[in-house]
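Worksheet: one structure, shown below.
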Amino acid sequence: MGTSVDVTAPDDSRVTATQQLFAEVEARCSRFLSTSELTRANQDPRPRVPISAELADVLTVASEARSMTDGLVDAGIGRAVESWGYDRTFDDVVDRPDDDLPSSGEVHDWRIEGSTLVRSPGTMIDLGGIAKGWTCDLAVERGLATIVSAGGDVRSADPTAKVEVVDPWGGVVITVALGIGALATSSVSRRRWRVADREANHLVDPRTMEPTRSPVLTASAVTRTAAEAEAAAKAILLHGAGGLRWADRQPWITSALVVWNDGRVYATTGLEVAA
């Protein structure tokens, strides 16, 4: 999944089981692996593609994230993400200074019907951070771990859990008293490259089909699950200057924090700071 995973568990066997769980989800859901089920589904020309129950589960979570964020976090924009150059694991992404800017693509429709993926022609699914957060949730909900942290997504079953939120320059912005729940951070400060004369990043806005130009570099959100927190953090970042106002109106978001491109930090009033 392009990141490290930290696990707190009762014993080594459950750490190993958590590691195996992440490997299994990556093998099924990665768009970078030619052998993954998601890659095969994306390459299938049929409008209705039978999929496994496991892939249907994570796509259902992705569909819920799309609904909860009013379409801002949409797994169906993988084609646009690839067209901007994020068509391989990030360590292999390169600048494309001589390329023309990609034309704005259309928003593709997709849905899950039982164990069938139904989508319009040209739709490419990119599960990205949703699959990562969902796997953190599975590990905790299955009793494999008490805390799982994967690339900014944290799910905890420990009432005493605390999480440090780090800014784009490596400094600790705040320590959150998370307890039982989840926190995720989304950032456009690291995954950046150039396409023609434009700076690109991995977070494509479905409203424009272009990388976001948000003044927010980093957004963090506290919610019930890591998959929800991942969706919330991305939506806040995409909303830009109005992200925290949007978060405050969402009953499923407990609290949120943003770091702007000039280093200023803002948070909602519900953010619980650790002593």
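One table, with the values for the structure above:
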| read-out | value |
| --- | --- |
| Output for segment 224-275, where each listed residue is among the aromatic types (Phe, Trp, Tyr) and either under 18 Å from the mean Cα position of the chain (by Cα) or within 14 Å of Met68 (Cα to Cα) (or both) | Trp246, Trp252 |
| Strands (runs of 3 or more DSSP E) (entirely within segment 195-274) containing at least 2 residues that are modelled with pLDDT of 85 or more and closer than 21 Å to Cys136 by Cα | 216-223, 255-260 |
| Residues being in contact with a strand residue (DSSP E or B) (Cβ under 7 Å, 6 or more places away or on another chain) and either acidic (Asp, Glu) or over 28 Å from Gly76 (Cβ atoms) (or both) - total across segment 127-148 | 4 |
| Among the candidates Arg155, Arg194, residue that is more than 21 Å from the chain's Cα centre (by Cα) and of a type in the set (Lys, Arg) | Arg194 |
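The values are calculated or read from the model by the stated rules, or taken from the named source; none is laboratory data. Small disclaimer: the values here were computed from a predicted structure and weren't measured. Methodologically, a virtual Cβ is constructed for each residue, glycine included, from the backbone with ideal geometry; neighbour enumeration extends over all protein chains shown.
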